Each structure stands twice: as C-alpha cells, then as structure tokens.
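Quick notes on the structure that follows.
The values are calculated or read from the model by the stated rules, or taken from the named source; none is laboratory data. The model shown is predicted, which means the values in this text are computed figures rather than measured ones. Every residue, glycine among them, receives a Cβ derived from its backbone with ideal geometry; neighbour counts consider all protein chains shown. These accessible areas exclude ligands, DNA and RNA; they are computed on the full protein's heavy atoms, side chains included. Shrake-Rupley method; radii C 1.70, N 1.55, O 1.52, S 1.80 Å.
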Amino acid sequence: MPNRRLIRRLNLHFSVLWALYWIGWAALWGYLSVFLLHRGFTNSQIGLVSSCALLLPIAVQPALASLVDRSRRLTGRHMAMALTSLALVCAAAVWLTADNTLCAVLLVIIGVSLTAIAPFFNAMSMAFVLRGLDVNFSASRSCGSVTYALTSLVMGAVLEHFAPTLVLPIFLLAFGALLLALLLFRYALPESPSREAKDAPAVLSNAALLRRYPRFTLVLLACFLLVCSQNAITTYMIHIAAKVGGGESTTGTAYFISGMVELPAMLLFTKVRRKVPLKTLLPVCSVFFVFRAGAMLLAATPLALFLACSLQFFAYAILAVSTVYFAAQEIDMANQVKAQALIYTASSGVGAAFGSLLGGWLLDLGGVDTMLRFCVCCALAGVAVMFFTLHTKRPKGVQTT
C-alpha cells in the first residue's frame, strides 16, 4: 500500500516535470525560427544556431552523465536543477540584449541545457523502475506531449497578434516553475538488489560502453537519422505551412496535432509493449518517419499538412518512449544515466542538430521541397539501420525483449 501511494506521487511529480519542460521548449525552441527571423537572422543562420545548440551536448551531456554515474552524491536531479538554472539566466539575458551575436551565443547555451536536461528525467524514472517501482514513464511523458501541443497551438495564435519576443517571458515562467518542481522532488530510491562487489558492473567510459554494446550503438545511429529527418521538418514548419498557404496559426495547429497525437500513443504504450517486443516496435515506428516526411512533401493544403502531422502517433511518439526502455534493458545498471544520455544525445542532440543545419541550408538552396526530399531519404536510411540492427543475429551476453 505505501508503494502504491509513492508510485502515484512519483507519477504525478514526473508528469509535472515533463509538462513544464515541454511548455518551455514549445514556447522558445518550437518558435525559434519565428523569433530569430524577427531578430533579422537568415534561415542558414537559424540552422547554425540550432545545430550548434544541439551538437555541443555531444561533449557536454555524456560527460555530465558519466559524472553522475561515478558519483555517490551527485544525482540526475542535481544536474537537471543546474541546467534549468543556467537556461533561466541565459533566457533573461536574451530578453535584455539587443546584440544579435550575443543573442545567438546565449540561445546556443539554452539549447545545450534543454537537450541535456531530458535524459536526466529519463534516468530518474528508470532508476525507480529498475528497483521495482512500477513508475508509468510513458503516461508521465505523454503529459509533456499534451502541454507541448497546447502551448504550440496557443503560441501560434498569439504570435499572429504580438511580437515573437513574447516567447521569452513565457519560457522564463515555465522554467522558473520547473526549477521549483525539481527542488521539491525528494524521494528516496529503494535499495538495489544486493550483490557481491566482484559481480557489480563497472562504470564504463562512453567509448567502452559503445564497444561493449554494439546493438545499442547501431540503434543510436538509427535514431540519429530518424530525428535528423524529424527535426528539419519541426524547425522549419513555418515554411512548410507557407507552402500550403498557411502562416503562424497553421504552424501552431500543425505543432498542436503533432503533440496531441502523442498522448494516446504514449498512454497505450505500456499495454502495447506487453504484446509487442521492442525489436518489433522500433523498426515499425521507424517506417512511419518515412511516411510522415513523404506526406509533408506531397501536401498541398493545410488539411493535408495536418493529416501528415497525425502520423506522429506512429512515429516519434513510439520512438521517444521505446528508446528509453531499450536503453534501460540493453545497458547494465551502473551505466544507466550514461546510456540515457547517449540515446538522447544521438537523437535529440546530434540528429536534431544536423536536421536543423542541413534543413536550413537546403531550404535556402532549393526551397521547401528539396528539404523535404532530404527528410524522406534520411528517414529511409534510419529504417534500414534499425531493421538490420534488430533483426540480425546478436552477440552473446546481451539480452533484449
């Protein structure tokens, strides 16, 4: 009975963390291109800012995660609090400065913080799951999708009447509340199952972990390709909306639909996972990244665009949750924070960065259709890697369901 009460409290608290995180993300990073266009940036410059913000975590995030894995005092919660505080300070500085170079640098730091925070939330959840507390990660994460969708919809309508600088105070409010929620997150982890010291898994370096778990490494590559396709579309949705005759409101509605369809997908995930193994779920959801990008390419009306966005149900919604459980199952407990950091960095970090950078360059070079053709090809490559990785004979000693 005490465990049930604790699990309910944990689920509620994790839901609040994800909700506030994605409100901030949707307000600022979801409308980054709109904000920076207002500040006089070109599409290529926007792609450069976004890609730098998402590439730098390659060095930062795994190093922070390794520090947490090796430390007995420092936790994922502590790191999340530090990164949230850093993002708050930089956002306040962006609001106050009129210098575009300084603005770009500060936004890169905010982007690094945003990318680095989420894996610590994932690791915090999986720490309880791996110790026998059935925390409903997918349901909590779905709250983030809903708030992302609602925030995107509201922001799209609001920005048609107010200056894009409004994204900054909304971000500050959301992340100020997030910092408070993290300060109040004080739950003791149950003891791990006892084991002899000689049998305890060693804390590995990033390179050693990737060598020991080759399937995990290849899944990282697949995630990189899939999210590269996804993020080019997300970052430059304003241009895709313009292609079909829409504007900021159409962009907001597209973001809203993409976020809202994630809710049922994530709520159903636990039931689906009991019947369908991850080695099937991951390749199947990968295919829908191709369908989504192809539907965007063919869309000629706002309705067609919205229908393409609804394919998010089968694509990113499933990938975002499946990869967290995949990392938890594939990697030993001593390297869990690092594993979650690597899978998030490969997808929402490196993959998203290349999507933003190449998407902006292709957009300026050949227009929206050229960018979307790239997205289709990139997603196809991700599907190929995912199928090859999870449906070929695996090395001994690594167990996945």
*Residue check, A63 among the small types (G, A, S), assigned to a loop (DSSP other than H, G, I, E, B), surrounded by fewer than 24 Cβ atoms within 10 Å (Cβ to Cβ) and at pLDDT below 85*: no
*Within region 5-24, which residues are open to solvent by 20 Å² or more (accessible area, probe 1.4 Å), more than 13 Å from V146 (Cβ to Cβ) and in contact (Cβ under 8 Å) with a residue 24 or more places away in the chain?*
L6, I7, R9, N11, H13
*Among the residues of region 35-60 satisfying the criterion of being in a helix (DSSP H, G or I), of a type outside the set (G, A, S) and within 28 Å of L183 (Cα to Cα), which is most open to solvent (accessible area, probe 1.4 Å)?*
I58
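Check S310, S258, S286 and return the single one that is at pLDDT 90 or above and open to solvent by less than 30 Å² (accessible area, probe 1.4 Å).
S286
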*Residue by residue through region 129-146, note down the ones that are modelled with pLDDT under 85 and either among the hydrophobic types (A, V, I, L, M, F, W, C) or more than 19 Å from the chain's Cα centre (by Cα) (or both).*
V129, L130, R131, G132, L133, D134, V135, F137, A139, V146
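When you check L319 against the structure, is it open to solvent by 30 Å² or more (accessible area, probe 1.4 Å) and either under 30 Å from A202 (Cβ atoms) or not β-branched (V, I, T) (or both), yes or no? Break it down into steps so the answer makes sense when it comes.
On the way: open to solvent by 30 Å² or more (accessible area, probe 1.4 Å): no; either under 30 Å from A202 (Cβ atoms) or not β-branched (V, I, T) (or both): yes.
Here the answer is no, as L319 does not meet what is asked.
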*Near pairs, Cβ below 7 angstrom, 6+ apart or cross-chain, from region 200-224 (over 20 Å from L64 (Cα atoms)) to any residue that is open to solvent by 50 Å² or more (accessible area, probe 1.4 Å)*: P214/P395; R215/R394
*Mind telling me which of the residues G252, G246 ends up being assigned to a helix (DSSP H, G or I), surrounded by 20 or more Cβ atoms within 10 Å (Cβ to Cβ) and small (G, A, S)?*
G252
_Criterion first (more than 23 Å from A98 (Cα to Cα) and among the small types (G, A, S)) does A27 satisfy it?_
no
